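Asks: Once you've had a glance at the structure underneath, I'll fire off some questions.
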Amino acid sequence: MQYAFLIYETPEAFAHRTTGAGDAYIGAWRAYYQACVKAGIYVGGDPLHLPETGTTVRQTDGKRTVQDGPYANTKEQLAGFIIMELPSLDEALEWAGRCPATAAGAVEVRPLAPEAKERIVSEHPE
Amino acid sequence: MSTPDAHRAIESVARRSYGRLVAFLSSRTRDVASAEDALGDALIAALSAWPRDGIPNNPEAWLLTAARRHLIDRSRHERVRDQATLTLEAMAEGSYAVTTADVIPDERLKLLFVCAHPAIDPEIHTPLMLQTVLGLDATQIGRTFLVSPAAMSQRLVRAKTKIRHSGIEWDVPEKDDLAPRLEAVMHAIYAAYGSGWEGAAGTDPEARGLADEGLWLARVLREQVPDEPEVRGLLALILHCEARRSARRSADGEFIPLSEQNSALWDGAMIAEAERELAVAAQAGRLGRFQIEGAIQSVYAERARTGTIDWHAIAVFYTQLVQLSPALGALTGRAAAVAEVEGPEVGLSLLDRMDAIAIDGYQPYWAVRAHLLQKLNRAEAVHAFERAIALSEDEAVRRFLLERRG
């Protein structure tokens with residue numbers, strides 16, 4: 001099964017991105033990434049820019065509205081995602097527990113829904 | 001085959017096999033809700049087929065085949081061929097030739113551990129187990145957990161959706177993951193036995209089935225997890241209660257309190273088995289709630305040999321239990337036992353210290369209170385009896401209390 005690890009970080013954790021070489025948090029992430037690749041479970045993923053860079057689009061009365069944000073006033077913000085290939089939720093939770101973000105932030109584990117994708121990409125809908 | 005006979009046969013196989021069939025069907029697909037629906041359809045199909053064709057040689061296998069057919073039909077109607085459909089088709093193609101065999105693999109314990117997974121809302125663990133493995137409906141469960149049936153069924157549906165899609169391992173967990181889930185599983189097994197036990201002395205066959213199921217699951221758990229003393233404690237507790245089943249009512253259905261039961265009617269073999277379990281559990285040196293409750297029952301059982309009840313020992317065990325978890329039952333039990341040792345006033349003062357809101361709807365509290373007040377010849381006894389009578393669900397218990405009230 002494939003799982004999305006949704007990474008939530010505190011502003012302090014975000015701040016580590018601009019520190020110099022030798023940052024312990026970034027070092028932990030590097031080790032985690034390498035462990036995932038080595039275990040053959042890493043499918044893909046990326047960090048996201050700061051929440052302030054997000055823009056939301058909606059259609060209201062047939063008109064496109066664009067909104068800055070949103071950034072909820074919560075301590076933890078969505079900071080990135082990783083797609084992992086793992087046999088069960090139990091193993092996914094174990095790998096999520098090793099993620100450096102869990103020390104100060106959180107990781108939400110969600111199974112991907114390939115059957116929903118299938119409906120979208122199939123060429124001959126019934 | 002007459003229709004009433006067939007209906008009785010269907011009822012009995014449904015009672016005996018519901019959890020086993022749901023667990024087996026969903027072990028392949030992870031889809032508990034569909035397994036329940038399909039089994040429901042199969043039972044409805046049996047209602048018309050069995051009176052016509054006779055009761056099949058292997059009723060369980062018949063229901064399983066019918067339920068699987070319903071599952072496959074249903075998922076073929078859905079446009080999306082997900083993993084579940086593929087699995088079901090694999091089953092239909094004979095890779096699981098179970099219907100021809102006599103034995104359907106028992107997946108109930110695994111399903112219990114799936115329901116108790118930490119990824120599922122802890123509040124819903126026990127209700128989920130009671131529904132999927134024991135077949136209680138949302139209304140019955142809602143009553144037990146003081147939640148509206150609608151809210152309960154919504155939460156149950158959400159939990160089943162999570163089980164279906166999240167890929168929880170379908171197995172009894174390994175060492176480190178076992179302990180936190182064991183607690184919930186033991187709790188559900190005891191709740192199942194308890195809700196069956198209440199009605200089991202009467203004539204309610206559905207309740208009888210639940211109590212049997214509870215005892216059976218306690219035994220299976222004990223086989224699978226023999227090193228955990230609380231698991232043995234739970235089995236011992238259930239065995240002690242079960243041993244007294246035939247002594248709990250008189251021939252004409254009157255309620256008989258434990259201290260007045262004819263101990264010759266108790267099942268000696270079950271009591272001996274319970275004692276063995278408690279003895280092995282004690283060697284681990286890790287006392288817990290179920291071992292203490294088992295020990296309390298064991299003191300009551302001693303009366304068969306000694307002719308007396310050692311209330312002092314019972315009071316000590318209840319005090320330990322209260323220290324471990326001050327639940328309503330433990331607090332009430334302690335007050336009753338202390339009253340026997342130190343007098344009704346002392347017992348009463350312990351009752352007075354209990355939480356006024358919590359005791360409001362708790363029948364045993366009012367029954368013990370009525371008993372102690374009556375011993376002291378206090379007029380408020382009548383009021384306490386009335387509360388206890390109003391809160392009794394069992395007709396025989398109501399009659400008993402009415403008579404004691406005088």
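Where a number appears in this text, it was derived from the coordinates with a stated rule and is not lab data. Everything quoted here is computed from the prediction, not taken from an experiment. Counting neighbours? That spans all protein chains shown, and the Cβs are built from the backbone with ideal geometry, glycine included.
Asks: Scan chain B and report its longest stretch carrying no trypsin sites (Lys or Arg not before Pro) that are both in a DSSP loop and have at most 16 other Cβ atoms within 10 Å.
Replies: B:82-285
Asks: Less than 26 Å apart at the alpha-carbon level, and either on another chain or at least 8 residues along: which lysines does that give for residue B:162?
Replies: Result set, ordered by chain and number: A:117, B:110, B:175.
Asks: Right, next: Identify, among B:23, B:40, B:396, the residue whose Cα sits farthest towards the positive end of the charge dipole of chain B, taking +1 on the Cβ of Lys and Arg and -1 on the Cβ of Asp and Glu, with the dipole about the Cα centre.
Replies: It is B:40.
Asks: So what's chain B giving for Cα Rg divided by 2.2 N^0.38 Å, two decimals?
Replies: Rounded to two decimals, the normalised Rg is 1.08.
Asks: While we're here: Please identify which residues in segment B:159-192 have an amide N closer than 17 Å to a label point set 7 Å out from the Cα of residue B:284, following the Cα→Cβ vector.
Replies: Taking a point 7 Å out along Cα→Cβ of residue B:284, the residues of segment B:159-192 whose backbone N falls under 17 Å are B:172-190.
Asks: What is the spin-label model distance, in nm, from residue B:328 to residue A:115 if the labels are put 7 Å beyond Cα along the C-beta direction?
Replies: Here the answer is 4.1 nm between the modelled labels.
Asks: Sticking with this one: How are the C-alpha pair distances of the protein assembly as shown spread across 20 Å bins, as whole percents from the shortest bin up?
Replies: 17, 43, 30, 10, 0
Asks: A further question on this structure: Describe numerically, in nm with one decimal, the distance between label points set 7 Å from Cα along Cα→Cβ at residue A:58 and at residue A:46.
Replies: Each label point is offset 7 Å from its Cα along the Cβ direction, giving 2.6 nm.
Asks: Compute the helix-to-body angle for B:175-200: its Cα long axis versus the longest principal axis of chain B, expressed 0 to 90° and rounded to tens.
Replies: 70
Asks: I've got another one for you. In nm, to one decimal, how far is the modelled label at residue A:33 from the one at residue A:103, with both set 7 Å along Cα→Cβ?
Replies: 1.7
Asks: What's the local net charge at residue A:51, with K and R +1, D and E -1, over the other residues with C-beta under 12 Å away?
Replies: That sum, taken over residues with Cβ under 12 Å, equals -3.
Asks: Same structure again: What angle do you read, to the nearest 10 degrees and between 0 and 90, between the alpha-carbon axis of helix B:32-53 and the longest principal axis of chain B?
Replies: For B:32-53 against chain B, the angle is about 80 degrees.
Asks: Right, another one. Output the direction-averaged projected area (hull surface divided by four) of the convex hull of the alpha-carbon atoms of segment A:2-121, in nm². Each step should come with its number before you reach the end.
Replies: Working: hull surface 38.7 nm².
Mean projected area of the Cα convex hull: 9.7 nm².
Asks: At most 16 other Cβ atoms within 10 Å plus a DSSP loop assignment makes a site exposed; report the longest stretch of chain B without any exposed GluC sites (Glu not before Pro).
Replies: B:255-379
Asks: Right, next: Please determine, in degrees from 0 to 90 and to the nearest 10, the orientation of helix B:3-29 with respect to the longest principal axis defined by the Cα atoms of chain B, where the helix direction is its Cα long axis.
Replies: Roughly 80 degrees, rounded to the nearest 10.
Asks: Using Cα pairs closer than 8 Å and at least 6 residues apart in sequence, work out the relative contact order for segment B:107-203, in percent.
Replies: Relative contact order for segment B:107-203 comes out at 38 percent.
Asks: Report for the protein assembly as shown the percent antiparallel among DSSP-assigned beta bridges with both residues inside it, nearest 5.
Replies: Counting DSSP beta bridges with both partners in the protein assembly as shown, the antiparallel share is about 100 percent.
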